[in-house]
Amino acid sequence: MTVTDLMEDRVMLDGVLMKCNQNKTKARTDADCLNARIAIERLASKSDPADEAKRAEAFERTREQLRLSQDKLRQEHEAKAKVDVYHLPLVPVEPAPPPAPAPAPTQSPATALSPPPFADSPAVMSQSNP
């Protein structure tokens, strides 16, 4: 029997161990007894699935706590770096200088609005069709 066979078949492992315990002198030299002891040690060293689940749960819990603390630190840092415009100091604003006075027109206002007469263009007259 190999060690892996004995590890997979627990009933056979128990039977081999009972034979080895009945005959102590044969137990030290028999290959099956040696393989059975090695299989027992390997099975004992394997971790229990419940323990693995507890370790995985503890790991996830500590990872979540670390993530939350890092998020809190990042939010505090962002809050310090953010500028609140409602709490900035007031800066006095100087009033704009008054506009400069407009230059006096050279033509009368009535002639300034009418287009200048052109000598080359014929006068446009309205026509009516009967």
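The values are calculated or read from the model by the stated rules, or taken from the named source; none is laboratory data. Model, not experiment: these values are computed from the prediction. Cβ: placed from backbone, ideal geometry, glycine included. Neighbour counts: every protein chain shown. Side chains included, ligands, DNA and RNA excluded: accessible areas come from the protein's heavy atoms. Shrake-Rupley method; radii C 1.70, N 1.55, O 1.52, S 1.80 Å.
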Accessible area of segment 51-103 belonging to carbon and sulfur atoms, whole % at 1.4 Å probe: 63 percent
Sequence-distant lysines (8 or more away, or on other chains) whose Cα lies within less than 30 Å of Lys82: Lys72
Whole-Å distance, taken between Cα centres, linking segment 58-77 and segment 12-38: 53 Å
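How large, in percent, is the carbon and sulfur part of the accessible surface of segment 1-42 at a probe radius of 1.4 Å? Could you put the intermediate results ahead of the total?
Values: 1660 of 3080 Å².
That share works out to 54 percent.
How much net charge surrounds Ala31 when only the other residues with a Cβ under 14 Å from the Cβ of Ala31 are counted, with Lys and Arg +1 and Asp and Glu -1? Don't skip to the answer; put the middle values down first.
Working: positive: Lys19, Lys26, Arg28, Arg37; negative: Asp5, Asp30, Asp32.
That sum, taken over residues with Cβ under 14 Å, equals +1.
Where only protein heavy atoms count, and the probe is 1.4 Å, what is the accessible area per residue for segment 23-80 in Å²?
Values: 5050 Å² over 58 residues.
Ligands and nucleic acids excluded, the result is 87 Å² per residue.
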Estimated distance in nm for a label pair at Lys46 and Arg74, the labels positioned 7 Å out from Cα along Cα-to-Cβ: 4.1 nm
